[in-house]
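See structure below.
The values are calculated or read from the model by the stated rules, or taken from the named source; none is laboratory data. Computed from a predicted structure; not experimentally measured. Cβ sites come from the backbone with ideal geometry, for glycine too, and all protein chains shown count toward neighbours.
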Amino acid sequence: MTPEAALQKQIEQYRQMTGEQRLAIALNLHEFACNIAREGIRRQFPEATAEEVERHLRRRIELSRP
């Protein structure tokens, strides 16, 4: 299967889902991305507390907004 065909199949599957199912996927992806960012922050600041990691994460999210 080509990448283009795979993308079309994925889009078709998303269209068959309910809004709630698509929202759940989006929220799971957001949490996954936040967890990856947290790991990066912990590597960058190994002495940071959990609260400091969350502050760094919120700052990164704020900086990414247009």
Open item on the list: Quick check on region 28-38. Is at least one of its residues touching a Lys or Arg at 6+ places or on another chain (Cβ under 8 Å) and surrounded by 11 or more Cβ atoms within 10 Å (Cβ to Cβ)?
Closed with: yes
Task: Positions within region 41-56 being among the aliphatic types (A, V, I, L, M), assigned to a helix (DSSP H, G or I) and surrounded by 11 or more Cβ atoms within 10 Å (Cβ to Cβ), in sequence order - done: ILE41, VAL53
TODO: Those residues that are modelled with pLDDT under 95 and β-branched (Val, Ile, Thr), I need them from region 45-66; list them, please.
DONE: ILE61
Task: Among residues of region 17-33, those that are among the charged types (D, E, K, R) and out of contact with any helix residue (DSSP H, G or I) (no Cβ under 9 Å at 6 or more places or on another chain), counted - done: 2
Task: Subset of region 1-40 that is of a type in the set (Val, Ile, Thr) and part of a helix (DSSP H, G or I) - its residue that is farthest from GLU54 (Cα to Cα) - done: ILE11
